[in-house]
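**Q** Would you mind keeping the following structure in view while I ask a few things?
A short reminder: the numbers here are calculations on the coordinates, not readings from a lab. As the structure is a computational prediction, the values presented were derived from the model and not from experiment. Every residue, glycine as well, gets a Cβ built from its backbone with ideal geometry; the counts of neighbours run over all protein chains shown.
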Amino acid sequence: MMKPDRSTPALLLAAFALGACADEPAFDFELAADPNVSTEAQLVERIGSVVFVLDSPDGLYAPGEERSEEGFQIKDADSDPNDLELVVSIPIVEGALPTVRIERGGLPDVPIDVRVLGLPISGSGPPVADGLLRGLRFSDAPQPITLPFDLRDELLPPRVEDVIPADGSSIPDCVVPSVIVVFSRPVDEGSLLAPDAVRIEPIGMPVQVSLDEAGLVATIVPTALEGSGPSIAYRVIVESTVEDRDGGPLDQIALEAGAQAFEADYTHMCAPPPQLPAVPCGDIVCPPYERIECIADECVISKCSVDCEGGLVCAPLEDTCVSDCRIGDAISDCVDGLECDLDTGLCH
């Protein structure tokens, strides 16, 4: 990969209080928690500082351009010695997430990936929160950018992360052979299979519910979930009686006290029958979506829709890139209680 030939590293101003120039090309980052996942109050009570890591598949800095000054470093942050990253550290003050400005300075005109990590108040240990945006580019003036930033799933109660097929998608032949529910944490199989724990309305109890070995992907086979066109509609319900393997109940809404069930309505347009049918998988059927395959008689989400580079690996369930825990630095370490899978680079 060709690296930019530059002798002067980028100039940087982090945090508006430092007095950045109003008209210079810059990213103005505002960290935003998803209220369905975590709140700003939950974040700041556990985070002592946030760390921004800027990288690019086209390269930002070449070896030999290392630099360290107060608040930022140019260094190898992903164990790839062929290029260097820009690392910016900002302390949490006044009980609020910081708004951060990073100027372009001498950075090249390339797509930039930005990771942000929330380090614990103790100052040691792996991040307790993270966020990621990919493919950013500087323009001629400062750009306000909202960067999703939440507590790591391992530190939160379980919730429904995704449902497949997604709302609004087209359904071949107006038939839904199965519904996939993805959880943020491994759930207890007994609580999931309990009567009325999972329902599809107006049908009621599904014919069959199965859970993959990891406890993260449930396959629901409903009774005759089909329509006559032009659309089909139903509701998926997962009760808060479903628990993770530590006994914690499903808690779908972080802003509300107590445990909440998952309830969501789905409407699909009916499409002509597919050229390839749904995939038989043991005694169930996997829906015909390219990220799902049958492995050991389980419907498994095994692929990401994005490519991961520069110290990141694919987390199929979240369909996103996360830090490769095999790197073994403060950015990529697994939280207490989880181990690094040396085959995938994911914490489990």
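**Q** Using label points projected 7 Å from each Cα along Cα→Cβ, tell me how many nm separate SER170 and ASN36, to one decimal.
**A** Simple spin-label model gives 2.5 nm for this pair.
**Q** Provide the FRET efficiency to the nearest 0.05 for the SER49-GLU24 pair, computing r from the beta carbons and using R0 = 30 Å.
**A** 0.75
**Q** Now a separate question. Can you give me the Rg/Rh ratio for segment 16-151, using Cα atoms for both radii and the Kirkwood formula for Rh?
**A** 0.95
**Q** Please give the contour-minus-distance gain from THR99 to ASP343: 0.36 nm per residue of separation, less the Cα-Cα distance, rounded to one decimal in nm.
**A** Gain on extension, THR99 to ASP343, equals 84.1 nm.
**Q** Let me ask something additional. At ARG137 and SER124, where each label point lies 7 Å from the Cα along Cα→Cβ, what is the point-to-point distance in nanometres?
**A** Spacing of the two 7 Å Cα→Cβ label points: 4.5 nm.
**Q** Still on this structure, I have one more. Take the Cα gyration tensor of the chain, multiply each eigenvalue by 5, square-root it, and list the three semi-axes largest first, rounded to whole angstrom.
**A** 41, 22, 19
**Q** Sorting check: for 83-90, 157-164, 37-44, which peptide has the highest mean count of neighbouring beta carbons within 10 Å, and how do the rest follow?
**A** Descending mean neighbour count gives 83-90, 157-164, 37-44.
**Q** Check each of the GluC sites (Glu not before Pro) in segment 206-245 and keep only those in coil by DSSP with at most 12 other C-beta atoms within 10 angstrom; list them in order.
**A** GLU213
**Q** Let me ask another. Using packing as a proxy for protection, rank 130-136, 100-106, 30-36 so that the peptide with the highest average count of other Cβ atoms within 10 Å comes first.
**A** My ranking of the peptides, most packed first, is 100-106, 130-136, 30-36.
**Q** For GLU66 and ASP162 in one chain, what is 0.36 nm times their gap in residues minus the Cα-Cα distance, to one decimal in nm?
**A** Additional length available on full extension: 30.4 nm.
**Q** Tell me, how many Å apart are the Cα centres for segment 109-140 and for segment 141-201?
**A** 24
**Q** Counting other C-beta atoms within 10 Å, which of SER210, SER68, SER323 has the fewest, and how do the rest follow?
**A** Ranking SER210, SER68, SER323 by Cβ neighbours within 10 Å, fewest first, gives SER68, SER210, SER323.
**Q** Test of understanding: what is the full-extension gain from VAL110 to THR267, defined as 0.36 nm times their sequence separation minus their Cα-Cα distance?
**A** Taking VAL110 through THR267 to full extension adds about 52.6 nm, to one decimal.
**Q** I would also like to ask the following. Taking the Cα-to-Cβ direction at ASP58 and at GLN208 and moving 7 Å from each Cα, how far apart do the two end points lie in nm?
**A** Between ASP58 and GLN208, the label points sit 5.1 nm apart.
**Q** With 10 angstrom as the radius, rank SER170, SER228, SER184 by how many other C-beta atoms surround their C-beta, starting from the fewest.
**A** SER228, SER170, SER184
**Q** Along the principal axes of its C-alpha atoms, what lengths does segment 155-301 span, in descending order and rounded to whole Å?
**A** Largest first, segment 155-301 extends 44, 32, 25 Å along its Cα principal axes.
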